[in-house]
Amino acid sequence: MKKYEYIEHTADARFKAFGKTAEEAFANAAQAMFNVMIDTSGINPQITEYIELQAPDLENLLVDWLSELLYLFEVNMVVFSSFEVFAIEKEGDEYLLSAKAEGEPLDLKKHIFDTEVKAVTYNDLGVQITSQGVTVRITVDT
Amino acid sequence: MKRGFDRMDTEGPEIEGLERIDNDIWQIPTGYKPGMRVPGRIYLSDKLFTNLEKEAVDQVANVATLPGIQKFSMAMPDAHVGYGFPIGGVAAFDAEEGVISPGGVGFDINCGVRLIRSNLEKSDVDGKVNDLLDSLFKAVPSGVGSKSRIRASESELEAIFTNGSRWAVEQGYGVEADLTHCEGEGCIEGGDPAQVSAKARKRGRPQLGTLGSGNHFLELQYVDEIYDPVAAEAFNLKQGQLTFMVHCGSRGAGHQVCTDHLRHLTRAVQKYKIDLPDKQLACAPAQSEEAQAYFGAMASAANYAWTNRQIIMHHCREVFEQQMKMDSDELGLDLVYDVAHNVAKLEEHNVNGGKKQVYVHRKGATRAFPAGHPDVPQAYRDVGQPVLIPGSMGTPSYVLCGKQAAMDVSFGSACHGAGRVMSRSGAKRTFRGEQIQKDLSGQGISVKAAHPSVIAEEAPGVYKSSSEVVDVVHRLGIAGKVAKLMPLGVVKG
């Protein structure tokens with residue numbers, strides 16, 4: 001199964017990510033976003049960040065998840081390459097996410113950046129759940 | 001598409017419902033999309049029309065559905081598809097009955113441009129351009145992960161969020177005249193640091209005086225042509241003169257402010273029962289707690305951006321003094337003007353024969369106030385506000401001055417740049433950074449970049465022609481051409 005695919009967009013980067021479950025699709029979306037910035041295949045995960053979030057729906061949760069990763073990338077200077085979403089669960093009116101992201105310290109001598117992702121937008125945002133699996137659709141500001 | 005206007009047949013996209021109502025004016029009738037409260041207007045020439053994307057037209061129409069919108073939802077000639085508002089989008093909302101939306105400002109709050117003049121001529125830097133670029137590159141951290149030498153304390157951040165450029169000048173980064181030659185004197189009133197999250201502060205603290213990446217740049221230029229000698233004299237610009245341009249914004253602090261408040265506002269939308277065609281247009285009634293919280297945070301980020309450009313200019317002035325071995329009086333590196341092109345402002349405009357307070361959202365659009373307007377600096381009051389339009393890498397930039405028609409047709413707004421026509425990934429498939437660098441070098445333009453891929457992404461061919469964009473604004477009488485600036489050397493993030 002393909003993890004993600006990029007869609008042409010004039011100013012920004014847009015992609016779809018796939019998974020058998022929402023957890024898998026969310027993890028693949030994070031992978032797709034970091035691959036806009038840098039080839040993550042050469043990154044050796046040494047640092048782990050644990051993340052817990054809550055949002056009123058899956059779409060907001062997806063934006064919050066990716067935004068949190070961008071925040072941690074910038075302030076902790078960690079380039080993430082590996083993502084695991086443990087669980088996405090509904091509790092009352094809110095959706096809860098728990099996950100971890102792994103990466104290595106930013107090293108400008110080693111890491112060759114492509115396009116910097118500045119932020120995650122709500123434009124053309126979608127979380128689609130079918131019997132085949134879950135597809136998410138995201139546009140990021142670059 | 002209706003072609004009611006008598007002119008040569010126009011090549012371009014077939015967009016059902018779009019009407020041409022004048023040479024450079026295309027109208028989107030309210031029937032184009034359910035819920036439109038006012039028509040849309042896109043200002044385009046024949047040539048620019050050929051690059052118009054249907055999704056950008058849809059985005060102009062989406063903005064027209066927002067409560068309290070006045071007259072038209074507009075897009076400037078550099079319009080292209082964005083998220084929420086299109087890039088080049090302008091809309092004004094009644095300050096009482098309307099809304100405020102972060103989607104009309106964008107993530108890079110107060111991304112903007114400043115232009116610095118000099119007493120030097122182009123020939124004075126012959127053979128020195130590469131050394132100057134190298135030194136500028138060192139003085140102004142650029143690219144992903146770049147950190148400033150300055151670490152703002154918590155109380156300093158508060159002062160920056162509240163007072164903008166004035167804080168920088170008080171700390172010795174510049175002179176009083178820098179403030180009087182800047183939009184709003186480098187500050188939006190109403191900056192409310194209490195609305196800026198701990199996350200935004202954490203991102204903002206180490207980034208003062210940094211350029212960022214993407215389309216941000218420092219550019220060494222010269223005045224290639226003067227169109228309006230009277231305005232040029234007021235702006236202290238003359239043929240052959242060396243000028244310098246800075247393009248950047250509020251960095252991580254601004255991105256985080258937008259992210260945080262969009263998050264809150266996507267929830268407020270349900271509370272206030274606002275129907276949105278695009279979630280990125282999340283908004284709240286202008287006087288609501290949520291909208292005013294965003295406005296206070298947005299103003300804070302805008303003030304951070306002006307401080308950032310002020311500090312960058314100061315560091316660049318030091319580089320010129322060292323490299324040219326001249327003092328500041330000899331160099332005469334005075335700020336001509338600084339404009340914001342991603343911002344929302346509370347302004348007074350004439351609407352349907354009466355004066356009205358409105359929140360003007362400009363997303364990839366520049367304020368363009370005419371002669372006589374009280375918000376135009378005293379020195380330029382007789383000619384109009386300088387409007388700074390950067391070109392893409394290697395292409396001309398323009399200085400214009402705001403004209404009366406801007407108040408009538410665009411809530412005192414003009415275009416902001418060239419406008420992309422090709423995606424970044426498309427650009428990287430089409431162009432190679434080294435080749436672009438070589439081609440530009442052949443034209444006498446040096447380029448230095450933190451990330452080589454940026455050179456391909458920002459290749460001149462991925463943008464519309466800045467000249468074509470500026471000509472539309474000039475013909476419509478929104479802003480008049482004053483001077484053309486040609487690049488000599490560029491530092492890219």
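The values are calculated or read from the model by the stated rules, or taken from the named source; none is laboratory data. Please read all numbers here as calculations on a predicted model, not as lab measurements. We place every Cβ from the backbone using ideal geometry, glycine too, and count neighbours over all the protein chains shown.
Points to keep in mind about this one:
- The set of residues in region A:69-81 that are free of Cβ contacts under 8 Å to residues at least 40 places away in the same chain and either hydrophobic (A, V, I, L, M, F, W, C) or within 9 Å of another protein chain (Cβ to nearest Cβ) (or both) comprises A:69, A:71, A:72, A:73, A:74, A:75, A:77, A:78.
- Single residue of A:110, A:100, A:90 found to be more than 30 Å from residue B:62 (Cα to Cα), more than 10 Å from every other protein chain (Cβ to nearest Cβ) and in a loop (DSSP other than H, G, I, E, B): A:110
- Of all residues in region B:154-171, those satisfying the criterion of being touching a residue at least 12 places away in the same chain (Cβ under 8 Å) and out of contact with any Leu (no Cβ under 8 Å at 6 or more places or on another chain) are B:154, B:157, B:158, B:161, B:162, B:163, B:164, B:167, B:168.
- Scanning region B:130-180 for residues that are at positive phi and within 14 Å of another protein chain (Cβ to nearest Cβ) turns up B:143, B:145.
- From the options B:301, B:291, B:284, B:344, residue that is within 14 Å of another protein chain (Cβ to nearest Cβ) and of a type in the set (Gly, Ala, Ser): B:301
- Selection within region A:119-135: residues that are touching a residue at least 40 places away in the same chain (Cβ under 8 Å) and within 14 Å of chain B (Cβ to nearest Cβ). The member of this set that is nearest to residue B:256 (Cα to Cα) is A:119.
- Number of residues in region B:239-259 that are at the interface with chain A (Cβ under 10 Å from one of its Cβ atoms) and either surrounded by fewer than 24 Cβ atoms within 10 Å (Cβ to Cβ) or assigned to a helix (DSSP H, G or I) (or both): the value is 7.
- Residue identified as facing another protein chain (nearest Cβ under 10 Å) and modelled with pLDDT of 95 or more among A:59, A:49: A:59
- Of note, residue B:194 does not satisfy the criterion of being without any contact (Cβ under 8 Å) to a residue 40 or more places away in the chain, under 30 Å from residue A:56 (Cα atoms), surrounded by fewer than 24 Cβ atoms within 10 Å (Cβ to Cβ) and more than 21 Å from the chain's Cα centre (by Cα).
- Subset tally (residues that are under 23 Å from the mean Cα position of the chain (by Cα) and part of a helix (DSSP H, G or I)) for region B:268-291: 3
- Some residue of region B:353-362 being of a type outside the set (Ser, Thr, Tyr), crowded, with 17+ Cβ neighbours inside 10 Å, touching an Asp or Glu at 6+ places or on another chain (Cβ under 7 Å) and assigned to a loop (DSSP other than H, G, I, E, B): no
- Residue B:427 being within 14 Å of chain A (Cβ to nearest Cβ), in contact with a helix residue (DSSP H, G or I) (Cβ under 9 Å, 6 or more places away or on another chain), in a helix (DSSP H, G or I) and closer than 30 Å to residue B:446 by Cα: yes
- Checked against the criterion of being modelled with pLDDT of 95 or more, of a type in the set (S, T, N, Q) and under 17 Å from the mean Cα position of the chain (by Cα), region B:321-340 has no qualifying residue.
- The single condition from (1) buried (at least 24 other Cβ atoms within 10 Å of the Cβ); (2) closer than 22 Å to residue B:238 by Cβ; (3) basic (Lys, Arg) that residue B:381 fails is (1).
- Region B:57-85, residues that are buried (at least 24 other Cβ atoms within 10 Å of the Cβ), assigned to a helix (DSSP H, G or I) and within 12 Å of chain A (Cβ to nearest Cβ): B:59, B:62
- Residues of region B:451-474 that turn out to be out of contact with any helix residue (DSSP H, G or I) (no Cβ under 6 Å at 6 or more places or on another chain), within 14 Å of chain A (Cβ to nearest Cβ) and acidic (Asp, Glu), as a count: 1
- None of B:106, B:88 is small (Gly, Ala, Ser), within 22 Å of the chain's Cα centre (by Cα) and assigned to a loop (DSSP other than H, G, I, E, B) except B:106.
- Top-ranked residue in region B:109-156 [being within 15 Å of residue B:245 (Cβ to Cβ), of a type outside the set (A, V, I, L, M, F, W, C) and at pLDDT 95 or above; ranked as surrounded by the most Cβ atoms within 10 Å (Cβ to Cβ)]: B:112
- Some residue of region A:12-21 being buried (at least 22 other Cβ atoms within 10 Å of the Cβ), in a loop (DSSP other than H, G, I, E, B) and either charged (D, E, K, R) or away from every other protein chain (no Cβ under 11 Å) (or both): yes
- Apart from one condition, residue B:457 fits all of (1) within 29 Å of residue B:183 (Cα to Cα); (2) surrounded by 21 or more Cβ atoms within 10 Å (Cβ to Cβ); the exception is (1).
- Verdict on residue A:41 being in a strand (DSSP E or B), more than 10 Å from every other protein chain (Cβ to nearest Cβ) and not hydrophobic (A, V, I, L, M, F, W, C): no
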